[in-house]
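*Asks:* I am attaching a structure below and will ask some questions about it afterwards.
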Amino acid sequence: YYDVYKFEPGKDDIIREGKAGYVVTYGEVLYRALDAVERAREEGIDVGLINKTTLNVPDEAALKRAGAAPFVLVAEGQNAETGLGVRYGTWLVERGHAPRFGRMGVTRAGIGGQAEQIPHQGLDPDSILARIRKLAAK
């Protein structure tokens, strides 16, 4: 895959297809979300994963795919109140999509590196998996 991968600005990467819903993420949360998605799939939750490669540009095809799914969860290492989750939710609604929607991001003050901050902010694979389960169960 990586020997033929070509980055295209504005085009999201569909890492895993899913029928139950999609997790949308990027950066330092991507591999953590992949862990959670793979574990959810082992449990029978057919969840997909989208790597949002260009944060300020909507990928219409990826939005349509995610918006048609039962749920969308945005997990990011930025502020949950001002980051991609708010923007992505707006993009979905503007296009007439109405999946169950959740967002996870930085919400608490703290110090330290990623090893301390990721679980402190609830962005570790276990926390992402818990949110996937909750959204898939509704």
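*Asks:* If we restrict to alpha carbons, what Rg and Dmax does the chain come to, in Å?
*Replies:* Cα only, the chain: 14.1, 41 Å (Rg, Dmax).
*Asks:* Near Val106, within a Cβ-to-Cβ distance under 12 Å, what is the net charge of the other residues, with Lys and Arg +1 and Asp and Glu -1?
*Replies:* Working: positive: Arg103, Arg108; negative: Glu28, Glu76, Glu81.
With Lys, Arg at +1 and Asp, Glu at -1, the neighbours total -1.
*Asks:* So what is the 222 nm mean residue ellipticity for the chain from helices alone, if each DSSP H run of at least 4 adds -39500 (n - 2.57) and you divide by all residues, rounding to the nearest 500 deg cm²/dmol?
*Replies:* -11000 deg cm²/dmol
All of the numbers you see were taken from the coordinates with simple rules; none came from a lab. Nothing here was measured: the structure is a model prediction, and the numbers come from that model. Because the Cβ atoms are built from the backbone with ideal geometry, glycine has one as well, and the counts that use them run over all protein chains shown.
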